[in-house]
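Novice: To start, I am sharing the structure in question, which I have written as structure tokens.
The values are calculated or read from the model by the stated rules, or taken from the named source; none is laboratory data. Values in this document were obtained by computation on a predicted structure and should not be read as measured data. Here Cβ is always computed from backbone atoms with ideal geometry, including for glycine, and neighbour counts include all displayed protein chains.
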Amino acid sequence: MEEVAQRYPDDLHAQTLAAAAMMNTTRWVYWNKDGSPKPITEKFVALLESVIERDPTLTGTNHYYIHAVESSQTPSLGVPSAVRLGKLAPGPGHLVYMPGHIYLRVGRYADATEANIRATNADEDYMVQCATQGIYPVGSYHHNTHFLWAASALEGRSQVAMNAAEQVGNKVKENYPHAAHKNSSRLQAWMSVPYNARVRFG
């Protein structure tokens, strides 16, 4: 993909996909423990920034840039992308919730909460309209609802947090067979969220 990007330097989608391909070679481990970037991280961050400089309205570029910098020592670099992305893609739940990754890191808990309220609403609209099956209603939707619990808990919005927590726990019970709970640390973590909420808010 990097070769394609080099061959077509003015194709911003090719540049973005090249950066995404680099990110996939070191999934979620873009920064060293001391906060310094891995060598390939410097490369794809620079590539994404060059695309944003030329066209800040590309959905994919803003999405990947949020992922690229959220765990860095300067997550605030992702704030402009977070603000833009929330307006660029109001339909897909995953993209609606993505700004929360940055807002949570920089202490904008109210914005993170609102992003995830919109995301879970978008998810529910999509699932009803498409009678969706597969991974989305049992994976991404739960993730967005769990994120809503985390953001609203940090914000101190107890009722929103309690409602989101109950929703996460109940949906896992509804959508997964009991046998799956024993074999998935993620499902077990999600099922514990209502108890964590009660400990925090009573």
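Novice: Which condition from (1) in a helix (DSSP H, G or I); (2) in contact with a helix residue (DSSP H, G or I) (Cβ under 8 Å, 6 or more places away or on another chain) is the one that P56 breaks?
Specialist: For P56, the exception is condition (1).
Novice: How many residues are surrounded by 15 or more Cβ atoms within 10 Å (Cβ to Cβ) and not in a helix (DSSP H, G or I) if we restrict to segment 36-53?
Specialist: Total meeting the criteria: 1.
Residue-wise test of (1) touching a residue at least 24 places away in the same chain (Cβ under 8 Å); (2) not small (G, A, S).
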position	(1), (2)
R27	no, yes
S36	no, no
R54	yes, yes
Q73	yes, yes
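Novice: Given the structure, is H63 touching a Leu at 6+ places or on another chain (Cβ under 8 Å), surrounded by fewer than 19 Cβ atoms within 10 Å (Cβ to Cβ) and in a helix (DSSP H, G or I)? If you could, list the steps in order and put the result at the bottom.
Specialist: Working: touching a Leu at 6+ places or on another chain (Cβ under 8 Å): yes; surrounded by fewer than 19 Cβ atoms within 10 Å (Cβ to Cβ): no; in a helix (DSSP H, G or I): yes.
No; evaluated as a whole, the condition is false for this residue.
Novice: Ok, one more. Of these, L85, L104, which one is out of contact with any strand residue (DSSP E or B) (no Cβ under 9 Å at 6 or more places or on another chain), under 10 Å from A151 (Cβ atoms) and either surrounded by 22 or more Cβ atoms within 10 Å (Cβ to Cβ) or in contact (Cβ under 8 Å) with a residue 40 or more places away in the chain (or both)?
Specialist: Just one listed residue meets the conditions, L104.
Novice: If you don't mind, another one. Quick check on E114: is it in a helix (DSSP H, G or I), touching a residue at least 24 places away in the same chain (Cβ under 8 Å) and of a type in the set (D, E, K, R)?
Specialist: So E114 does not fit the description; no.
Novice: Given (1) hydrophobic (A, V, I, L, M, F, W, C); (2) under 17 Å from A164 (Cα atoms); (3) touching a Ser or Thr at 6+ places or on another chain (Cβ under 9 Å), where does I102 come up short, assuming only one miss?
Specialist: In the conditions (1) hydrophobic (A, V, I, L, M, F, W, C); (2) under 17 Å from A164 (Cα atoms); (3) touching a Ser or Thr at 6+ places or on another chain (Cβ under 9 Å), I102 misses (2) alone.
Novice: Confirm whether L77 is assigned by TED's automatic domain parsing to the domain that holds E155, aliphatic (A, V, I, L, M) and either buried (at least 21 other Cβ atoms within 10 Å of the Cβ) or touching a Phe, Trp or Tyr at 6+ places or on another chain (Cβ under 9 Å) (or both).
Specialist: Working: assigned by TED's automatic domain parsing to the domain that holds E155: no; aliphatic (A, V, I, L, M): yes; either buried (at least 21 other Cβ atoms within 10 Å of the Cβ) or touching a Phe, Trp or Tyr at 6+ places or on another chain (Cβ under 9 Å) (or both): yes.
The answer is no for L77.
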